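Where a number appears in this text, it was derived from the coordinates with a stated rule and is not lab data. Nothing here was measured: the structure is a model prediction, and the numbers come from that model. Every residue, glycine as well, gets a Cβ built from its backbone with ideal geometry; the counts of neighbours run over all protein chains shown.
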Amino acid sequence: MPSETVCPFSDGISVTHPSPYTVRPYSEGLLRKPVMPYQQITVNVNDAVAERLADALMEHGALSAAIEDAYAGTQNEQAIFGEPGMPAEQIWQQSKVIALFGEHDEAAAIIQTAAQECGLKDLAYTGETLEDQDWVRLTQAQFDPIQISERLWITPSWHEAPEGTAVNLRLDPGLAFGTGSHPTTRLCLKWLDTQLKNGESVLDYGCGSGILTIAALKLGAGSAVGVDIDEQAVRAGKDNAEQNNVDAQFFLPDGLPQGQFDVVVANILANPLRMLGEMLAARTKQGGRIVLSGLLDEQAEELGGIYSQWFDLDPAETEESWARLSGTKR
C-alpha cells in the first residue's frame, strides 16, 4: 500500500501500517505550533523500545512521531494488537520511528537525549527536509476516485462522483484501514461486484473502515455485518455506513451474534487467517462462499491447504504481490 503522509498539524503520536488491517494510535500528545520547513528523522529500532522512544521524542520537542512496520510488505510482516496467534498488544518485531521537528530545532540532540532515556547508545538515524506544504490539500490529493470495475467506484467526499449512474461508495481516509487503494481491498471488491448474489448475507471479518461491508450492501446483499478488534474501526464503519445510507451492523468480535452467513470475507493478514480458519468456516453456511485476502501471493498455496479442509477453492487471483482465495463450503 502506498505510504501515508503524516500531517504535522495532528496531535501526538500516529501509527501507520501498509498492511490490510486496522491500527490504532498509541498515545495522545500536545498540539504544538509547527515551524516550516520541517526536519524529518527516521530511526529503526526493535519492538521493545519503539513506543518509549516515540513518547520520549514527543516529550523533548518533536512536533509528531509515527511508528511504522519496518518489514511491511514482506514475508516478515507481522499482525499486531491482539490478532489471533499474537501476544496481546503485540507491535512489529522491527519498527521505524519517524519524527518531525521544526526547522531550527536541535533534532540531533533531541534524538540522542531520547535514545539515552530509552537505554539506547549510538543510535543511528537518517534525516531529510520537508518543505512547506498545504497538508490538507496534499492529503486530499492522494485520494482521487478509484474505479474498481465498470460499475463500482470509491469516491472521497470532496470529489464529485465520476459516474452518476454507477455504484459509488463515499469513503474518506481515516484511522481504520480501507480506502480501496490497496490491492487486497480491490481484489475483494471485484469478487463482490461479480460474484455476490442479491439478498445474500455477508460477514466482513476484519472490516477496518467497513468498505467491504458497505460495498456488499450497495451491490445487493440482503444484510452485511462488519467485525473488527479495534473500537475505532467499529466507529469508523458505522460513520461510513451512515454516509453511504446503508443499514450495516458493526461489532467487536465478542459482540458478534451467533449465526452463519452466505458469504464470509476476511481481508486481514496471513497469520490471523491461519488461526481463524475453523471459526470462519463455522460462520459460513453449507454451500456458502468464503473470500480471503491480505496474503502475499507466495502464501496462497499454504493458506489454500488449510482452507481446503472445509472449502472447494477456486484458483488464486493475484494483483501486484498480493493474492485472493475464494471457494465454496462443502
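If you put +1 on each Lys and Arg Cβ and -1 on each Asp and Glu Cβ, how big is the dipole of the range 149-277 around its Cα centre, in Debye rounded to 20?
So the dipole magnitude of the range 149-277 works out to roughly 280 debye.
Evaluate the relative contact order of the range 144-329 (contact order divided by residue number), counting alpha-carbon pairs under 8 angstrom at least 6 apart; express in whole percent.
So the answer I get is 17 percent.
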In whole Hz, the Karplus estimates of ³J(HN,Hα) for the range 289-297 (6.51, -1.76, 1.60; θ = phi - 60°; x where Gly or Pro) are 10, 10, 10, 10, 8, x, 10, 6, 4
Gain upon complete extension [LYS285, GLU242; 0.36 nm per residue less C-alpha separation]:
12.7 nm
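Which values, in whole Å and largest first, are the semi-axes of the equivalent ellipsoid of the range 144-329 obtained as the square root of 5 times each eigenvalue of the Cα gyration tensor?
Working: eigenvalues 118, 64, 48 Å².
Output for the range 144-329: semi-axes of 24, 18, 15 Å.
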Taking amide H atoms as placed 1.01 Å from N in the peptide plane, list the residues 5 or more away in sequence, or in a different chain, whose amide H sits under 5 Å from that of GLY222.
GLY199, GLU200, SER201
Quick one: Kirkwood hydrodynamic radius for the range 193-262, alpha-carbon pairs, angstrom, one decimal?
11.7 Å
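Quick check on my link table: of LYS190/LYS329; LYS96/LYS238; LYS238/LYS285; LYS218/LYS285, which ones sit more than 29 Å apart, alpha carbon to alpha carbon?
Working: LYS190/LYS329 20 Å; LYS96/LYS238 31 Å; LYS238/LYS285 26 Å; LYS218/LYS285 22 Å.
Going by Cα-Cα distance, LYS96/LYS238 fall outside the 29 Å limit.
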Among all the aspartates and glutamates, which ones have a C-alpha under 16 Å from LYS197's C-alpha, if same-chain residues fewer than 8 places away are not counted?
ASP262
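Which FRET efficiency value, to the nearest 0.05, is calculated for TRP158 and ASN44 with the Förster distance at 35 angstrom and r the Cβ-Cβ distance? Write down the numbers at each step before the final one.
Details: r = 35 Å, r/R0 = 1.01.
Result of the calculation: an efficiency of 0.50.
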